[in-house]
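What follows is a set of notes on a single structure, which appears directly below.
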Amino acid sequence: MRKFGLALLATALTSVSFAQERDNRFIPSLDFTIDNHFFKMQSGRPIGSTAGISISPDGESIWVFDRCGANDCVGSDLDPIMQFDLNGNQLASFGSQMFVRPHGLHIDFEGNVWVTDGEGPDGEDPRRDGKGHQVFKFSPEGNVLMTLGKPGVAGDGYYEFNQPSSVLVAPDGNIFVGDGHGGASNSRIMKYSASGEFLASWGSQGSEPGQFAVPHDLAMDSAGRIFVGDRGNNRVQIFDQDGNFIKEWPQFGRPSGLFIDDNDMLYVTDSSSENRGPAGSPNNSSLYAEGVRVASVKDGSVTLFLDDPHENGSQEGIVVDKAGNIYGSLTAGRALRKYLVR
């Protein structure tokens with residue numbers, strides 16, 4: 001079995017077909033199978049809706065952030081943060097009873113675990129009270145090192161969030177949060193120092209350059225540029241670390257997950273283009289098919305497409321190990337997967 005990786009593109013293209021997307025462009029599509037049982041859960045522990053997946057800086061372990069075997073963690077005693085080795089064996093877990101609805105996950109350059117809790121109290125279920133709308137920093141052992149946001153408070157202040165979707169830590173320690181998940185939530189990027197001091201913010205609700213409609217995931221290339229999966233606007237936006245707009249790319253459909261590898265190859269998942277929602281809804285439509293697209297960060301040209309088989313839902317999170325193996329997480333399908341090239 002050959003391992004999948006962009007370093008192998010030159011040889012892998014001998015086993016590709018050319019798929020026609022809805023936008024009528026032809027791009028290479030690899031022949032692959034999916035292992036939905038690679039990640040070995042503890043006995044009797046189901047995987048829940050899982051938006052967050054990341055990899056340690058040494059490349060030796062994969063972290064996932066699931067919704068406690070369900071669609072949220074309300075009332076659950078399960079640990080939503082889990083660590084696996086590259087053979088799929090579970091190494092650690094923590095975070096029980098701390099979250100309402102787990103969402104974003106990022107492992108920083110020191111191996112610390114950053115997560116976002118994307119919902120809070122709903123005025124009906126008291127088990128949600130005093131939780132949610134926060135960003136947490138954990139040590140790899142599960143010790144809380146920092147919290148950002150006010151527990152259970154949805155706001156738009158410098159130290160408040162409203163449905164934070166994503167978090168990213170730059171090499172200098174500065175923290176970026178994609179704050180918002182549509183509806184009446186926020187639509188902005190927040191920047192903090194390594195100690196949690198507010199530094200800057202940019203963005204608002206809308207579709208103009210620098211505006212957002214669900215800043216669903218964040219990634220950074222080797223030049224330090226920030227890539228935002230602006231899912232509600234069907235585009236990836238690129239900024240410098242001060243929030244200055246650089247460019248936008250629409251060729252990735254509705255981006256849910258972003259990952260940039262050591263070769264500056266950008267992997268983008270589209271998990272919702274075919275879930276079109278109400279007729280005429282501009283934020284629930286796309287000309288593109290769901291799946292994974294791969295492109296260079298230099299020009300955004302899509303060089304590879306992995307058609308989502310929709311076996312049990314569409315992939316939302318994505319990560320790639322140093323050997324080029326792709327791993328994904330699903331929300332609607334409640335699954336973790338590994339791609340195997342035939």
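One chain, two ends: F245 and Q97. Fully extended at 0.36 nm per residue, the span grows by 49.4 nm beyond their Cα-Cα distance.
Each Lys and Arg adds +1 at its Cβ and each Asp and Glu adds -1 at its Cβ; summed about the Cα centre, the chain shows a dipole of about 560 debye. Rounded to the nearest 500, the helix-only mean residue ellipticity at 222 nm of the chain stands at 0 deg cm²/dmol, with each DSSP H run of n ≥ 4 adding -39,500 (n - 2.57). Sketch the reach of a paramagnetic label on S43 as a point 7 Å from Cα along Cα-to-Cβ, and name the residues of the range 79-108 whose backbone nitrogen lies under 16 Å away. Correct set: 90. The residue among M98, I55, M190 whose Cα reaches farthest toward the positive pole of the charge dipole of the chain, with charges on the beta-carbon of Lys, Arg, Asp and Glu, is I55. The longest part of the chain holding none of the exposed loop GluC sites (Glu not before Pro), meaning those outside H, G, I, E and B in DSSP with at most 16 other Cβ atoms within 10 Å, is 198-310. Alpha carbon centre of the range 201-261 versus the range 51-104: separation in Å? Cα centroid to Cα centroid, the span is 25 Å.
Where a number appears in this text, it was derived from the coordinates with a stated rule and is not lab data. All values derive from a computational prediction rather than experimental measurement. Note that each Cβ is placed from the backbone with ideal geometry, even for glycine, and that neighbours are counted across all protein chains shown.
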